[in-house]
Each structure stands twice: as structure tokens, then as C-alpha cells.
Amino acid sequence: MAAAESEAEAQQLISRLGKQLKASKTCPNKDSLVKWLKEAVIALGKFKQLKSLNSVIQPLSDSLIKHGLLQHKDKDIRILVATCFCEIIRVLAPDPGFSDDVFTDIFKLLQSIFAETGDYKSPYFSRRVKLLETVAKLNVCVLMLDVGCEDLILKMFKIFFSAAREQHPQSVINAMSSIMARILEDKLEEKDLESLIFQEKFSEPLLDVIIQNLLKESKGGSGGFARLAVSVIQNCNEKLERCICTFLRSCILNRESIGSELKEWYHDILYEIFRSAPQMLVSVIPSLSHELLTDQVDVRIKALNLLRKCFSLPGHNIAEEYHNLFMDFLNRFTDKSAEVRLCALSCGKALYTNNPSGTGSSQILTELESRLLDFDDRVRMQAVSIVCDVARLQIGSVTNELISQVADRLRDKKVSVRKKALQKLLELYQDYCTKCVGDIKMHFEQIPCKILMLCYDKDCKEFRPQSLEYVLAEDLFPVSLSVEGRTNHWIFLSSLFTPLHVNALNAILSQKRRLRNALQAYLHLRVHKEEIGSDEMERNTKALFKKMSALFPDPAEAEECFYKLNQVNDNDIFKMLADMINVGDALSTRDNLLRKIGDQSPLFDFLRLLSSKCSLNIFSSRHVSCILDHLTFDKSIRNTKLDYSPLLLLSAIISAFPSLLRSSEEKFRQLLADEDIPFNEQLIQFLAKEGSNISIKLSDCYNFLERVRLEGTQAEAKLAVSAIAALSDSSEEVIVPNLCKTSCTIKKHSEQCLKSSLTSDANKSANSNLTLSKSADASRIWIEGLQKTSHQEVHSGGTVEVHNESSVDNQHEIHASVISESIMSKERVGSSCDSVATKPTLGLKEDFPSCLQERDMNMTYNSNTDKVAKLSTANHKKVNLAKENKDKGEASDVEHRQMRASTHYRWNDGENSSVHSKRETSGACDSDCEGNSLKKTKFFAEEIPLPAAENTKKIRRSKVAASKAINVNKDMIARRTRRQKV
């Protein structure tokens with residue numbers, strides 16, 4: 001009842017307003033007009049759709065047309081007039097009774113208002129949006145097709161796309177797309193499908209306008225037009241879908257038959273539609289197989305680029321949805337064109353990245369693996385890059401074999417491939433270290449090992465040790481990884497080292513050590529330049545610069561920079577360099593140095609590189625401490641291959657930088673005291689090799705080494721002797737004198753064995769002398785090692801320090817030679833040192849009491865002392881006489897060869913070793929030499945030389961007898977050793 005009364009009141013109001021406007025001969029003023037139009041809008045909104053209301057509404061509509069309100073300039077009036085006409089069209093639909101010209105004016109008014117919706121900050125924006133939604137709801141614009149206003153339709157489409165904004169609410173976009181979609185649908189009912197695309201009357205048909213705006217986003221445009229175009233595509237019905245698909249299939253199969261300019265961008269159209277409405281292209285996507293199989297390379301490349309973009313879209317699995325197309329795509333990995341293969345690799349990456357566990361991912365990895373061995377280096381580079389990127393997505397998703405094959409590209413014949421492989425593998429290894437904290441994976445740890453092998457690459461300067469040093473220091477591990485984490489990785493990967501890896505690491509570390517030593521020498525020269533002559537200063541400086549420059553990637557440029565640095569007068573810079581070398585882990589000093597020089601200085605880059613190469617940035621004292629902690633506390637590594645890899649790594653570090661052990665001596669002593677560790681032999685070998693370079697005292701570990709020497713295996717006893725010799729110095733007041741005393745006794749005993757081998761009773765005395773000789777040999781190794789490290793201390797009372805590289809290397813060679821000799825008397829003869837209590841020996845035969853063996857040994861020592869001295873002097877004298885009488889006859893030559901053979905003969909293995917004999921003869925103590933000088937002279941004077949031929953035969957018989965005796969004795973020792981082990 002109330003509604004009827006309200007509608008009746010509205011009819012009366014509309015009639016009154018119509019009469020007032022009709023009676024007015026001129027257009028009312030704005031205020032009156034606005035007031036009347038607002039009342040009219042409210043009243044018209046209460047009307048239902050009734051054709052009978054035409055008589056009530058017509059006076060008002062005629063008055064609005066009469067006064068030209070459709071062309072009014074005022075914004076308020078224009079919006080109110082447009083709203084009134086929309087309501088009139090709604091109430092009087094489907095035939096409001098307007099002429100075509102009136103309809104045209106109404107649509108022009110609406111378009112002008114819609115064009116202003118782009119100003120979303122205007123106070124009229126909400127009223128314009130409401131009018132737009134009213135027009136969309138009432139389908140007013142469909143009437144434009146009835147009155148033939150197709151030009152206005154095209155113009156309105158363009159207005160909508162130009163007015164759309166990203167900031168518009170979705171309701172505005174939906175209203176615009178609804179109007180456009182409804183017009184397209186009605187247009188399809190009147191004309192065939194192709195008329196939308198191949199429009200002859202209009203140069204820009206409706207669908208072209210939509211698709212062009214759909215492409216603007218892919219071309220870098222910005223705005224709401226793309227949202228509007230997508231919305232129109234999504235809201236279209238089946239008829240519009242058929243129209244679009246027909247056009248796209250024609251572009252794929254027979255593009256020349258298409259007259260539209262859009263055919264040049266049909267791949268982009270396909271992608272944009274697939275992204276917004278993929279269901280529309282179910283019948284189009286399979287047609288792309290035609291392009292993948294065509295003979296035209298550019299067409300295959302375009303098709304692959306389209307697939308790559310489609311593969312990248314989330315939520316799609318083309319390998320499963322379009323299986324035949326996916327199989328045709330896989331065949332492009334073996335395409336005859338390298339460009340096509342490169343595109344196929346990019347597509348494979350996009351597909352795998354989008355769905356790593358989806359259908360076809362394993363096949364993609366297989367094809368990627370095959371391209372690692374492609375004959376085109378560009379394809380190999382791309383394959384390496386993609387495999388590493390794929391592996392970084394999910395660590396562990398890629399097979400171990402595939403990672404190994406990528407790492408093998410570090411040995412590619414092309415330098416460019418090796419560089420790319422190095423870059424991508426470093427990125428992959430850093431991600432692995434970050435994501436797999438505590439989870440060591442062997443196939444990833446092979447990456448640093450193969451990077452180390454680049455040191456042997458001579459083709460590229462980026463792979464030389466001086467360049468790989470920076471890689472190990474700065475690029476191998478992520479910055480966030482702690483020292484403990486880095487040490488764990490180093491320990492594990494060192495278990496994979498071969499001798500070549502060890503040599504490469506030693507080469508890198510030794511170059512860093514040489515540079516530090518040379519720079520330290522240069523800084524020392526600068527400090528004492530006043531005490532050194534200018535010529536000598538210039539000569540030494542030039543030599544040092546040349547030496548240091550050779551350790552840089554570009555020696556010529558580095559040498560030039562050194563000379564420029566030498567001209568700098570700021571002593572603070574050189575003081576910082578000295579502090580950085582002396583302190584070790586001096587990162588703050590390095591930062592201060594670079595800040596001091598300034599990034600604008602021409603020497604900034606050089607000093608940054610120099611400070612990096614001189615600092616201990618690969619290994620530090622914290623690394624050494626962590627390795628010792630790992631050996632001491634980590635029980636899981638015992639009885640595994642990891643037992644020895646930390647020691648191998650520790651040896652490499654300490655060999656280059658012995659000072660890094662200074663803060664960890666106590667940890668090392670604790671490790672030696674642990675009897676449960678399975679790598680005692682490796683620890684002792686480490687002491688034997690590096691004992692002269694580290695700061696551990698012999699007194700701290702002597703008890704342990706002596707126990708190992710007495711109770712350990714033959715190899716352990718031998719290494720213990722070498723370790724004691726390496727660790728000994730002049731500060732060991734108790735051990736050194738006893739060792740020297742024992743040394744003299746052993747030398748005399750060795751000479752006695754030598755004389756016994758030359759007597760006619762060689763067969764009789766071979767066994768006993770061999771036993772005594774090997775007993776002497778075991779202790780001789782100990783004494784010779786000790787004498788080499790403490791020779792200057794014993795004779796001059798001074799202290800010897802290793803200042804240069806050659807002394808360290810020589811020391812290593814000495815220890816290596818000591819270790820390589822065979823000690824067979826460990827189980828038969830105890831310690832030869834008077835200061836150490838020996839346990840019962842197993843001398844000549846097992847059924848002999850130990851006291852008899854000891855007595856026989858003492859008797860032999862006492863009876864042969866003088867004879868050994870005489871023999872030694874006589875042999876040396878004979879050699880000198882033979883040299884003087886070389887030209888006097890054949891007899892003298894024979895005697896010379898006889899004396900040389902007897903002097904050089906060695907009992908241990910029957911080989912000639914002149915150096916060894918000279919050392920044994922000259923190693924006797926000075927006091928013994930003085931006491932026996934008269935005896936030696938008398939022995940030589942009374943000796944009557946034998947005839948040359950008889951003497952030669954006698955020597956030959958003695959050698960044969962001695963050799964037989966040695967072989968018999970070795971067999972006996974081997975049998976006794978096996979019986980003892982059982």
C-alpha cells in the first residue's frame with residue numbers, strides 16, 4: 001500500500017517537473033535545475049518497468065531534450081541528466097521512443113562521463129561509477145547496435161581501456177568488461193565469427209582493440225587496461241572463445257591467410273590468453289607441435305620461447321596435460337641447430353623449476369645431462385648453468401652422477417666452459433653449505449676437490465694457484481658459515497684427497513707463505529735502509545719485487561704496483577702491513593689499511609689484493625684448534641677413513657704456517673696422551689715430519705714416544721725415533737749428551753761390521769755381524785736425525801732457527817728419508833741409548849738366554865773397537881794412494897777400485913752408498929778420533945797390500961758370502977716374526 005502511494009507520488013512529481021520545464025522558455029538556472037533533476041532521479045528510481053508510464057515521463061524527457069541538457073557543460077547537471085535518461089530507458093524498455101539522434105546524443109553523453117572515470121581522486125568519481133554500474137546492469141549500450149552506432153561502440157571500447165586504472169576497484173573493471181562482453185555477444189549473433197577480426201568497415205575491429213590492450217602488458221606497459229582485457233577474455237562465452245581459437249589456429253597453421261596485423265604477435269597472444277584463461281586454448285596448444293617440427297629454425301625458436309613462458313606459469317603441468325606436445329619438445333634437445341638446443345635447455349629449466357616433482361621432471365634431467373657433453377661449447381655452458389640452478393632449488397634433488405658430470409666440466413677443453421663451471425659450482429657449493437648445516441653429502445664435497453685440480457690447468461691464468469687462493473679464501477664458503485662449519489667441510493673433503501689434491505693445496509699454501517716471507521723481508525729492508533747501501537738496497541728490492549709479483553695473477557701489473565707502493569712516504573701503511581703479517585688473523589688491521597689508503601687511490605685494488613693474499617684467510621689458528629678438537633672429542637670418526645684426513649689436513653696447514661699451532665699445544669699433547677685413538681702412527685709421523693717446525697718440546701711427549709719405540713710395532717718404533725730426533729734441540733740437557741755418547745759407540749760398531757764383511761771368515765761371522773749391524777742401524781737413524789737438527793747446538797752452543805723456505809723443505813726431505821728406511825732390529829735389539837732402560841732383547845736365536853746375547857755383544861764391541869778404527873784409516877789412506885798412483889800402472893788401478901769398493905760396501909742391503917760410508921766414518925766423536933790416531937797410523941804402516949788379482953778375488957768371495965748370509969738371516973727373521981705374531 002505504501003509502495004503504491006510512493007509510486008503515485010512519484011508519478012505526480014514527474015508530471016509536475018515535466019510541466020515546469022516545458023513551461024520554461026529558457027533553461028532554468030543551475031540551482032533550480034539541479035534541484036529538479038535530483039527529485040526526478042529519485043522519483044524515476046521508484047518506477048517499475050511499465051510501458052503505460054510513457055505519457056507520464058514523456059513531458060520530462062522532451063523538456064530535457066528541448067533545453068539541450070544532453071550537451072550541458074556542467075558536471076553535476078550532465079551526470080543527473082545521464083542518470084535520468086538511463087532510468088527512462090529502463091522504465092520504457094524495450095522501446096523508449098527516442099529517435100536515433102537522441103540515442104546518439106545520450107550515448108555520447110555517457111561516453112564523455114565514462115572517460116572521466118580515470119580521475120579516481122575526483123569528488124564526482126563515486127557518482128560516475130554508480131552511473132557506470134547502472135548502465136552495465138541495464139545493458140543500455142546494447143541499444144547502440146540497434147541504432148547503428150558501431151563507431152560509437154568502437155570509441156567506447158577505446159575509452160574504457162584508456163580510463164581503466166590499476167587503482168580502480170574491481171567493481172569498475174567488472175562493469176566495463178560486462179558492457180564490452182555483452183556487446184560482443186550480441187554482435188556475434190548478427191554476424192559470422194570472422195567479421196570480428198577481418199572487419200572491412202572499421203580499421204580497428206572490436207576484438208583487435210581487446211587483444212592489443214592484452215599485449216600491452218607483455219610489451220612493458222602499465223595500467224588497468226591489461227586487467228580490463230583479461231576480464232573481457234574471462235567473461236566471454238563459447239562463441240567468443242571459438243572466434244579467438246579459430247584466429248590463433250589459423251596463425252599457427254596458415255599464417256599467410258590472415259589479414260590482421262595481430263598475426264605477427266600471435267605467440268604473445270597465446271601466452272597472455274593461456275595465462276588468464278587457459279581453458280580457452282585446449283584446442284590450440286597441441287597445434288604448437290606443428291611449429292616444433294617445422295624446418296624453419298626461427299619458427300622452432302619462437303615456439304620454444306612460447307613454451308618456456310607457459311612452462312613458467314604456476315599451477316600448470318603441460319607435460320601431463322599435453323603429453324604429445326611434451327614429447328615433441330624433448331626431441332628439440334637433440335635438434336641440429338645449436339640455437340634451438342639452447343632454447344630447449346631454457347624451456348627445460350622453466351618446466352623443472354615450476355614443478356620439480358611433476359611428470360616429466362626426470363626426463364628433463366636426463367636431457368640436461370646429455371647436453372653436458374654437447375659438441376657446441378655454448379650449449380655445454382648453458383647446461384652447466386641450468387643443472388647448477390636446478391640443484392640449488394632443492395639440495396639433494398639432483399643425482400650424484402649429474403653433479404659429478406657437471407664438476408667434470410672443470411676439465412672441459414674450452415676455457416669459457418671451465419670458467420662458467422667454476423662460477424656455478426661455487427654458487428651451488430655455497431648454497432649446499434648454507435642449507436645442509438651438519439649434513440655432509442659426499443657428491444657435493446667433490447666440488448672443492450675438483451676445483452683444486454684446476455691448479456694443474458696451464459691454459460688459463462684464472463686457474464693458477466695464485467688465483468685459486470682467492471677462490472678458497474673468499475668464494476668457496478658462504479660468509480655466514482662459521483669457522484667450525486668450514487673446518488668440518490675441510491675435514492670431510494680432505495678424506496677424498498689424492499696425492500694430487502694434497503700437492504695442489506700445498507702449492508697454494510706455499511705461495512702464500514713465500515709471499516708473506518718476501519713481504520716481511522721487504523719491510524725489514526725499509527726499516528734498515530739507512531744501514532744498507534743504496535745499490536744493495538735497490539738490488540734487493542728489485543729481486544723481492546720480482547719474486548712477489550710472480551705470485552700474482554698478473555705479474556707485470558703487480559710489479560709495477562710494487563714500485564708505486566715503494567714510492568709512498570706514509571710509514572703507517574707499511575707498519576700496518578707488518579702488523580697484518582705478524583698478527584695473523586688481522587682482519588681489523590686490513591680494514592684499517594684499506595680505509596687509510598682510500599678507495600680513490602690507484603693502489604687501493606692492489607693493496608686489497610695484497611692484504612688478502614698475505615692474510616691467513618684460508619686457514620687460521622681457529623681451524624687448527626677445531627681440527628684438534630675434532631680428533632680428540634669426536635668418537636664417531638674412529639675406525640673410519642676420517643681418522644687420517646684431519647691429520648693430513650693438519651700437516652698441510654702446519655707445514656706452511658707452523659705458527660698456527662702455537663695456541664693449541666696443550667690440545668695436541670692431550671691427543672697424544674689418549675691411548676684409545678686408532679691413529680697414533682699418523683700422529684707420530686706428523687711429529688717426525690713437522691717436529692723441527694712446531695713449538696712442541698720433546699720433554700712434553702718424550703715418555704709417549706719412548707713407550708711407542710719400545711712397545712709399538714716396527715713402523716711405529718721407527719717413526720718414534722725420527723720424531724724424537726725432529727723434536728730435539730739444545731734445550732734437552734739430559735737426552736742430548738746420552739744420544740751423542742751412544743752415537744759414537746754405534747759408529748764404531750758399524751765399522752767393525754764393515755771390516756768383518758771383508759775377512760775370509762765372512763760365512764762364519766755373517767749372522768752375528770748382521771744382527772749387530774741392524775741394531776746399530778736402528779739407533780743410527782735416531783742419532784742421525786738428532787744430529788741433523790742439533791748439530792750446530794752441540795758444536796757451537798748456538799740456536800738454529802728456520803728462516804727460509806729451503807731449510808724447511810730440506811728438513812722434510814731428511815725426515816722422509818729416515819722414515820723410508822727399514823728397521824728390522826726392533827724385536828731383536830732394544831734401545832741403544834744409555835739413558836733409557838731397555839727391555840730383554842731377542843738377539844741371535846730365540847733359545848739363547850738374553851744374558852749370553854748381551855755378553856757376546858759386549859765382547860764383540862770391546863774386541864773390534866781398535867780394529868775398526870785401523871780399518872777406517874787404512875781404507876781412506878789407500879784411496880788417497882790409489883788416486884796419486886793412478887797413472888803408474890794397472891796394479892794401482894786395481895787396488896784403487898778395490899779400496900773404493902770396500903769403502904762403499906754396505907751391509908744392510910748390499911748396495912753401494914759412498915755418502916753413507918763417509919757419514920759413518922766422519923761421524924765419530926772428536927775424543928775417540930784423537931785417542932785412536934796413533935793406532936790408525938801404525939795399522940796402516942804395518943799393513944802389507946795383497947797382490948791385485950788375489951785381493952780382487954778375495955773381495956768378490958767375501959761379497960758373495962756376505963750376500964748369502966744376509967739372505968739366510970732375512971729368512972730366519974721373517975720366520976721368527978711370523979711365529980711371534982701367531
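The values are calculated or read from the model by the stated rules, or taken from the named source; none is laboratory data. Every value quoted in this text rests on a predicted model; they were computed, and no experiment measured them. Every residue, glycine among them, receives a Cβ derived from its backbone with ideal geometry; neighbour counts consider all protein chains shown.
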- [ ] Tally the residues that are in contact with an Asp or Glu (Cβ under 9 Å, 6 or more places away or on another chain), over 20 Å from residue 394 (Cα atoms) and surrounded by fewer than 19 Cβ atoms within 10 Å (Cβ to Cβ), restricting the search to region 422-465.
- [x] 1
TODO: Enumerate the helices (runs of 4 or more DSSP H) found wholly within region 577-694, keeping only those where 3 or more residues are within 21 Å of residue 499 (Cα to Cα) and modelled with pLDDT under 80.
DONE: 680-690
TODO: Select from region 269-284 the residues that are of a type in the set (S, T, N, Q) and surrounded by 17 or more Cβ atoms within 10 Å (Cβ to Cβ) and list them in ascending order.
DONE: 276
Open item on the list: For region 498-526: of the residues being among the β-branched types (Val, Ile, Thr) and either surrounded by 13 or more Cβ atoms within 10 Å (Cβ to Cβ) or touching a Lys or Arg at 6+ places or on another chain (Cβ under 9 Å) (or both), which is nearest to residue 615 (Cα to Cα)?
Closed with: 508
Open item on the list: Kindly evaluate residue 362 against the criterion of being closer than 30 Å to residue 461 by Cα and outside any loop (DSSP other than H, G, I, E, B).
Closed with: no
Task: Any helices (runs of 4 or more DSSP H) falling wholly within region 250-359 and containing at least 1 residues that are under 27 Å from residue 205 (Cβ atoms) and acidic (Asp, Glu) - done: 266-276, 288-292
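For (1) among the polar types (S, T, N, Q); (2) closer than 22 Å to residue 359 by Cβ, each residue gets a yes or a no:
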residue: 275; (1), (2): no, yes
residue: 328; (1), (2): no, yes
residue: 334; (1), (2): yes, yes
residue: 337; (1), (2): yes, no
- [ ] Could you list, in sequence order, all residues of region 311-342 that are modelled with pLDDT of 90 or more, over 19 Å from residue 376 (Cβ atoms) and buried (at least 17 other Cβ atoms within 10 Å of the Cβ)?
- [x] 325, 326, 328, 329
TODO: Output the number of residues of region 10-37 satisfying the condition of being under 15 Å from residue 57 (Cα atoms) and surrounded by 13 or more Cβ atoms within 10 Å (Cβ to Cβ).
DONE: 14
Task: In region 91-112, the residues that are over 20 Å from residue 180 (Cβ atoms) and modelled with pLDDT of 85 or more - done: 91, 92, 98, 99, 100, 101, 102, 105
Open item on the list: Filter region 227-263 down to the residues that are surrounded by 15 or more Cβ atoms within 10 Å (Cβ to Cβ), modelled with pLDDT of 80 or more and of a type in the set (A, V, I, L, M) and list them by number.
Closed with: 228, 229, 230, 232, 233, 244, 248, 252, 262
Open item on the list: Out of the residues in region 394-421 meeting the condition of being touching a Phe, Trp or Tyr at 6+ places or on another chain (Cβ under 8 Å) and of a type outside the set (D, E, K, R), tell me which one is surrounded by the fewest Cβ atoms within 10 Å (Cβ to Cβ).
Closed with: 395
Task: Scan of region 392-419 for residues that are touching a residue at least 40 places away in the same chain (Cβ under 8 Å) and either touching a helix residue (DSSP H, G or I) at 6+ places or on another chain (Cβ under 7 Å) or not in a helix (DSSP H, G or I) (or both), ordered by number - done: 393, 395, 396, 397, 400, 403, 404, 407, 410, 417, 418, 419
